[in-house]
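Remarks on the structure that follows.
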Amino acid sequence: MQPQNSEQISMTKNIFIAFLLIVSLLSCTNKKGDMTVQGTIKGLQKGTLYLQKMQDTLLVSVDSIALKGESTFILSDQNTEPQLYYLTLKEKSDQKIDFFGEKGTITINTKLEKFYTSAKIEGSKSHQLLEKYRKMTTQFSGKRLDLVKEMFDAQAAKDDELIIQLDEDLQNLIKNRYRYSASFALRNTDSEVAPYIALTELYDAHITLLDTVNNSLSKKVKASMYGKKLDVFITNIKANEK
């Protein structure tokens, strides 16, 4: 057997290095999560995009991508159950899009200008449900702003009778929003969106309302992250009331 010359040795090393790189890339691919978030940001020239979620009380990044001259992105996470995520763009200032993530492929298309308001999100049934809820609550928020403005005007005019009436209207609006939030959660007890709404929208509602939602959750949702948090939240309220 003839000894290998330096050129043959160099070629062998290069082949071996290339083989290691391929194995490494395949290994990274296999480690990708079961939730993929992909899409485009129209108008973006440069920035870093983060996929984030809450862990305990901290907002942590689970994946990121640096974009230079590109507007398309792909991020992923090992998603064990539906929960709220944030797509955060660090450009001149942080901008966020919140969405309910779940297993599968989720597509988010948006624009650099109006990053949040122009976002179109597809591929998540949980997020579709949350959007349906938010669409209605936006109307409540709009009416509340109108009432608050009228209240300021009535106070400036020192119209005591109108102030009393507007205050009653405002309290009724708040009660109606509670009723709608509870009703929506009760109509969707097989979705993790239900306990999420209870925790974020009904946290200061009467304990009876929270109990009703909690006791109506499906077995699957009760065992979810938000289901467990809701149960603990209610337990703590009851303990403090004693």
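Laboratory data are not the source of any read-out in this text; all were calculated from the coordinates shown. Every value quoted in this text rests on a predicted model; they were computed, and no experiment measured them. Don't worry about glycine lacking a Cβ; one is built from the backbone with ideal geometry, like all the others, and counts go over all protein chains shown.
So how far apart, in nm, are the two label points at S141 and Q45 if each is 7 Å from Cα heading toward Cβ?
Here the answer is 3.2 nm between the modelled labels.
For every helix of n ≥ 4 consecutive DSSP H residues, a contribution of -39,500 (n - 2.57) applies; sum these over the chain, divide by its total residues, and give [θ] at 222 nm rounded to the nearest 500 deg cm²/dmol.
Working: 7 runs with 125 residues, N = 242.
Mean residue ellipticity at 222 nm (helix-derived): -17500 deg cm²/dmol.
When a/c reaches 1.5 or more, the comparison of a/b and b/c decides; with that in mind, is the chain rounded, prolate or oblate per its Cα gyration tensor? Before the final figure, lay out the partial values.
On the way: a/c = 3.66, a/b = 2.05, b/c = 1.78.
In terms of gyration-tensor shape, prolate.
Please compute the contact order of segment 127-241 in relative form: average sequence separation of alpha-carbon pairs under 8 Å and at least six residues apart, divided by the residue count, as a percent.
Numbers: 86 pairs, mean separation 23.2, N = 115.
So the answer I get is 20 percent.
With labels modelled as points extended 7 Å from the Cα through the Cβ direction, what inter-label distance (nm, one decimal) is found for Y180 paired with T107?
Inter-label distance under the simple model: 3.0 nm.
Given springs between every Cα pair under 10 Å in a Gaussian network model of the chain, which of A156, A182, A119 has the largest fluctuation?
Looking only at A156, A182, A119, the biggest GNM fluctuation is shown by A156.
Hey, what did the chain get for relative contact order, percent, Cα under 8 Å, at least 6 apart? Could the numbers behind the result be given before it?
On the way: 336 pairs, mean separation 30.6, N = 242.
Relative CO of the chain lands at 13 percent.
Multiply the residue gap between K219 and D160 by 0.36 nm, knock off their C-alpha separation, and tell me the result in nm, one decimal place. Write down the numbers at each step before the final one.
Numbers: separation 59, 0.36 × 59 = 21.24 nm, distance 5.12 nm.
This chain segment gains 16.1 nm when fully extended.
So how much slack lies between D211 and R187, counting 0.36 nm per residue of separation and subtracting their Cα-Cα distance, in nm? Write down the numbers at each step before the final one.
On the way: separation 24, 0.36 × 24 = 8.64 nm, distance 1.50 nm.
So the chain would gain 7.1 nm between D211 and R187.
Which pairs in the list K90/K111; K125/K175; K68/K96; K114/K175; K103/K229 are over 26 Å apart, alpha-carbon to alpha-carbon?
Numbers: K90/K111 14 Å; K125/K175 28 Å; K68/K96 19 Å; K114/K175 32 Å; K103/K229 21 Å.
Those over the limit are K125/K175; K114/K175.
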